[in-house]
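Down below is the structure, laid out as structure tokens.
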Amino acid sequence: MATPGWYGKLAMLGDFAHRRLPLGFINACDAWLSQGVAASRASLGSAWLDNYLTAPLWCFAWSPRIVDEQWWFGVLMPSVDAVGRYFPLVVAFSTEHAPTEPNALAQWAQWYDSAGACALQTLQGQATLDEFESALAAVGTPSTPVPADSAPPQAFTSELQFHLTQGAWPQGAATVVLRSFTARLQGHSIWWVQGDSETPPLVTVMRGLPTANRFVALFQGAL
């Protein structure tokens, strides 16, 4: 079982760091996140830090042609390094195929929960890099059987967004994600957040990644 990789800032380290992710993914994330963080700072001004620190943890799935020809799955959350510089943390892994079997979704939902918990644990005062690495190794990555059919990817040209009823996670989000996966949406990304009393559960499917001018919405849980 493989161990997920990660990139970004960790509270126990003094600068950017990464493990087990290819350079192409790191470069794509760095450029995208840097532009988005800069744009959100410019837009929010003095309110930026409060918005950043209260941003939700987002789950994502990036289809082929977002970064490369692989599917990328992971979580994104606001983070900070040991000297107080703010930048997100990404935990991710890639596969050739997306899950298309309904009975696999429970395993994938559990992976997102566990990966998110690993990421959030790094913000605890006594957290260490070794503990983070050990936790990720224990989480591993979910299995992805090769789909039975070999139909070519279908085109998808519009953006979708779903407001889920409270308590519908993960079944509600998983249903939407499965439909998107089975359509093999090349060049699209899928985002979802569990939500809380102030932020409703939400799933968004969009072409490409969120643009820099949407990072304010990303940090506010309303992508």
Cα-projected label distance for S134 with A117, points at 7 Å along beta-carbon direction, nm: 1.6
Show me, for the stretch 73-88, the HN-Hα J-couplings you get by feeding each phi into the Karplus relation (A = 6.51, B = -1.76, C = 1.60, θ = phi - 60°), rounded to Hz, glycine and proline as x. 10, x, 10, 10, 9, x, 8, 7, 8, 5, 10, x, 9, 8, 6, x
Non-local residues with an amide H under 5 Å from the amide H of Q194, with H modelled 1.01 Å from N and Pro and chain starts lacking one, are none
Quick one: length gained pulling A39 to Y86 fully straight, 0.36 nm per residue minus the C-alpha distance? 15.5 nm
One finds, for M1 and A127 with R0 = 35 angstrom and r their Cβ-Cβ distance, a FRET efficiency to the nearest 0.05 of 0.95
Spelling it out for G221: with amide H atoms placed in the peptide plane at 1.01 Å from N, the residues 5 or more places away or on another chain with amide H under 5 Å from its amide H are none
Quickly rank 132-139, 58-65 as a protection proxy: mean count of other C-beta atoms within 10 Å, highest first. 58-65, 132-139
Residue-ordered couplings for the stretch 123-137, obtained by feeding phi - 60° into the Karplus form 6.51 cos²θ - 1.76 cosθ + 1.60 and rounding to whole Hz (Gly and Pro as x), are 7, 6, x, 9, 5, 10, 5, 4, 5, 4, 5, 5, 5, 5, 4
Whole-Hz ³J(HN,Hα) for each residue in the stretch 40-51, computed from phi via Karplus 6.51 cos²θ - 1.76 cosθ + 1.60 with θ = phi - 60°, x for glycine and proline: what do you get? 5, 4, 5, 6, 8, x, 5, 8, 4, 4, 4, 5
Which cross-chain or sequence-distant (5 or more) residues have an amide H under 5 Å from the amide H of L89, H modelled 1.01 Å from N in plane? K9, M77, S79
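Bear in mind that the values in this text are calculations on the coordinates, not laboratory data. Worth saying up front: this structure is predicted, and the values here are computed from it rather than measured. Reconstructed Cβ throughout: ideal geometry from the backbone, glycine too, with neighbour counts over all protein chains shown.
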